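Here's the structure, in structure tokens; my notes come after.
Since every read-out is calculated from the coordinates, none of them should be taken as a lab result. None of the values given here were measured: they were computed from a predicted structure. Neighbour counts are summed over all protein chains in view; Cβ atoms, including those assigned to glycine, are modelled from backbone coordinates with ideal geometry.
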Amino acid sequence: MDESIINNMKEQLGLKDVDVKSYSPLSLAYIGDAVYEVIIRTILLNQGNMPVNKYHHRASRLVNAAAQSQMMHILEPILTEEEVAVYKRGRNAKSYTSAKHASVIDYRRATGFEALIGYLYLKEDMERICFLVKIGLHIGEE
């Protein structure tokens, strides 16, 4: 029995399987943003109990366009061809919004990153997402 959060949601909420390739890159980025935020918040909670504003401050340094763009510099060389294609679709997508505190380049790269996370999430590949986040954040390095 698979106890993944995605399978639990599908079962409990009656969600259907999706064709991940049918979604626009901005739709993938929409869900990818939320998934990445949950991962970062989980990492921070695991570091110990602290005031919520301290969690927020730490999360804000990691969940922003500049930080996500920087992660892509680290991750791009280790992405599969399929992942690079998803990233580029997200990066090149025409968005009608812009970042408040980021350059256009960082915002586009971050959108590509979020699209990649969303794609992997909808493919139910949390293992790959966690691997990429670990590498991108340098978790476990001395």
Worksheet entry | For residue 65, net neighbour charge (Lys/Arg +1, Asp/Glu -1) across residues whose Cβ lies under 15 Å away | +1
Fill in: region 24-129: chymotrypsin sites (Phe, Trp or Tyr not before Pro) falling in loop per DSSP and having at most 14 other Cβ within 10 Å
96
Worksheet item: Once every DSSP H run of n ≥ 4 in the chain is given -39500 (n - 2.57) and the sum is divided by its residues, what mean residue ellipticity at 222 nm do you get, rounded to the nearest 500 deg cm²/dmol?
Response: -21500 deg cm²/dmol
Fill in: Cut-off 11 Å between beta-carbons: net charge of the residues surrounding residue 109, Lys and Arg +1, Asp and Glu -1
0
Worksheet item: Each label point is 7 Å from the Cα along the Cα-to-Cβ direction; what then is the distance between the points at residue 84 and residue 127, in nm?
Response: 2.4
Discussion item. Can you tell me which lysines have their Cα less than 20 Å from the Cα of residue 88? Leave out same-chain residues fewer than eight positions away.
Written reply: 21, 123
Item to complete: Identify the trypsin sites (Lys or Arg not before Pro) of region 63-142 meeting these criteria: DSSP loop state and at most 11 other C-beta atoms within 10 Å of the C-beta.
Response: 94, 100
Response to the item:
Filtering the chain for DSSP H helices with an axial alpha carbon extent of at least 20 Å and a Kyte-Doolittle mean of at least 0.0 returns 25-46, 104-122
Discussion item. Taking the Cα centroid of region 10-59 and of region 64-142, what is the distance between the two, rounded to the nearest whole Å?
Written reply: 13
